[in-house]
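Working notes, structure below.
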Amino acid sequence: MDRRNDFTLTITHLAAVLLIGLLLNLDWNEWFVALLFGIGIDIDHVFAVPGYVERNGLGALLRPSWDDGSGAVWRSLLHDPIGAFVVIPLAVGWRFMLPLLFWSTHLLIDYAQAATLSYSALVESVFLGSLCAGIFALGYFRWRVSEASSGLVPFLLYIKDSVKRYFARSSGQRTSGRT
Ligand SMILES: [Zn+2]
């Protein structure tokens with residue numbers, strides 16, 4: 001697996017977390033848990049790097065693929081179904097068992113990506129595309145209900161306005177912070 005694929009895979013994980021999180025109306029604490037278990041568990045790739053450098057030298061970091069055939073553990077226990085023994089106790093008490101929900105989603109996506117590796121570019125793009133379409137559709141229907149309005153163009157204008165307002169507000173905060 002090359003790093004470009006790892007990168008798209010991270011985007012895919014992010015899109016999946018966003019879609020599920022929006023569907024469930026998460027609060028801030030829950031978003032943190034969602035990101036931690038939905039994306040953060042990939043941090044174990046980072047821990048595998050020192051061993052890889054030791055075996056192949058620093059220059060090997062520039063190779064297109066980091067798989068040196070050593071069978072090294074790029075994925076910790078948290079990337080194995082056995083990790084459920086750790087995640088399930090953590091999930092108790094959370095709404096929707098959130099840690100378990102996002103962790104198992106992450107594993108499913110990783111598994112699907114590995115299973116379709118030979119044509120992953122297409123399968124993954126389609127999957128990522130549908131996630132993004134889902135996020136967009138969800139935003140649209142919520143906007144339609146809350147603003148009692150409809151039509152794609154007004155919706156896009158609404159997004160544009162929200163983004164503009166957001167940046168106006170944050171630059172206002174910066175200015176007032178300076179004085
Ligand atoms: Zn992963």
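Computed from the coordinates by the stated procedures, all read-outs in this text should not be read as laboratory data. Note that this is a predicted model, so its numbers are computed, not measured. Heads up, the Cβs are rebuilt from the backbone with ideal geometry, glycines too, and the neighbour counts pull from every protein chain shown.
Side notes on the structure shown:
- Among 152-159, 133-140, 99-106, 37-44, the order from most to least packed when residues are scored by Cβ within 10 Å on average: 99-106, 37-44, 133-140, 152-159
- Note that segment 33-40 has calculated 3J(HN,Hα) couplings of 4, 4, 5, 4, 8, x, 10, x Hz, one per residue in order, obtained from phi through the Karplus relation 6.51 cos²θ - 1.76 cosθ + 1.60 (θ = phi - 60°); glycine and proline are x.
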